[in-house]
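Below is one structure, written out as structure tokens, with a few remarks after it.
Since every read-out is calculated from the coordinates, none of them should be taken as a lab result. Worth saying up front: this structure is predicted, and the values here are computed from it rather than measured. Don't worry about glycine lacking a Cβ; one is built from the backbone with ideal geometry, like all the others, and counts go over all protein chains shown.
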Amino acid sequence: MLRVMFKALAVLALLSTLPMPKAPRPQPSPDGALEILSMPNVENAYPHWSRDGSRLLFQSNRTGKWQLHIMNADGSGDRLAFQSAFDDNFPDWSPDNSRIAFVSNRSGDEDVWVVGMDGKAPRNLTHHRGRDIHPFWTPDGKRILFNSTRKSGEHFDVWSIAPDGSGLALVQGDDREKTCARLSPRGDRIVYLRAERNDEVFAMNADGTHGVNLTRSPQAEGWPTWTPDGKRIVYGSERDGRFALCVMNADGSGVRQISFPPAGAYDARPSLSADGKKIAFNRQYGRTIAICVMPMPTSR
């Protein structure tokens, strides 16, 4: 018996000196997408690039509450952006990455807040019992577009406010639901979602006039964002019953699909790096929302 035990210990000692096998590295899917963060039954959503392309800001519900996280562009170094006892979500980085605009329930309902990277002294910008969501900084950092139900009490309209809470202004307030409004890099147009038969990608002048339906499709669309040169729009579009990423010219022409999620998954919430070369986005499998990165296809 002792001889068997000593033999087993010798084998264990030998095994401990051998190099441990490395975990397999994530492999890109056929569309070039690489999953850099995936946690079973956890939603890691709304990734946003830092200006230098080295980090990603996103929201996660891994603790049971929505919290804001930052990680390196390869998925390493995942950490809390700041400590919070509340639900914080819909984050967007200021153009210089010095501040974060986000939505929080810390005042009792959904308001838009701004905080510095140290997490100290967060400021409530919107102070309203209506729902205020989807804050997006303008490219010059002087305004924040967001969506609010404060006008109608029911559907979301497009509003604008300064980062210090001054200058609240209604940009577009017709009788249709409007979300995900973003100002173009040149500052002359706003792309957004508008509810028609389903959600369609619209664009309007920066003053809220002359809204035009760019997609006009029977499928639902979502999460439109400008390329850094303002010449194209990347967005989600329903394909065969599930969402994939598509790109089109700023006038709605030249539509093509650029991501191809595997069976049972769908792709959403794209974010373009400042150099326009990479897309961070979500690939969802049931209750798991992963963060992926893929090359931005060249125009043709």
Value of Rg to Rh for the chain (Rh from inverse mean 1/r over Cα pairs, i.e. Kirkwood): 1.07
Too long for a 28 Å Cα-Cα cut-off, among Lys65/Lys142; Lys65/Lys178; Lys142/Lys178; Lys65/Lys277; Lys151/Lys277, are Lys65/Lys142; Lys65/Lys277; Lys151/Lys277
Out-of-range pairs (alpha-carbon distance over 26 Å; input Lys120/Lys278; Lys120/Lys231; Lys231/Lys278): Lys120/Lys278; Lys120/Lys231
In the neighborhood of Ser152, defined by Cβ-to-Cβ distances under 15 Å, what is the net charge if each Lys or Arg adds +1 and each Asp or Glu adds -1? +1
What whole number of Å gives the distance from the Cα centroid of region 70-104 to the Cα centroid of region 192-255? 26
Put +1 on the Cβ of each Lys and Arg and -1 on the Cβ of each Asp and Glu in region 33-295; which of Phe82, Gln219, Met248 then has its Cα farthest toward the positive end of the dipole? Phe82
Can you check what the net charge comes to around Ala263, using other residues whose Cβ is under 11 Å from the Cβ of Ala263 (Lys, Arg +1; Asp, Glu -1)? 0
If unit charges are put on Cβ atoms (+1 for Lys and Arg, -1 for Asp and Glu) and the dipole of the chain is taken about its Cα centre, the option from Thr179, Ala263, Ser94 lying farthest towards the positive end turns out to be Ala263
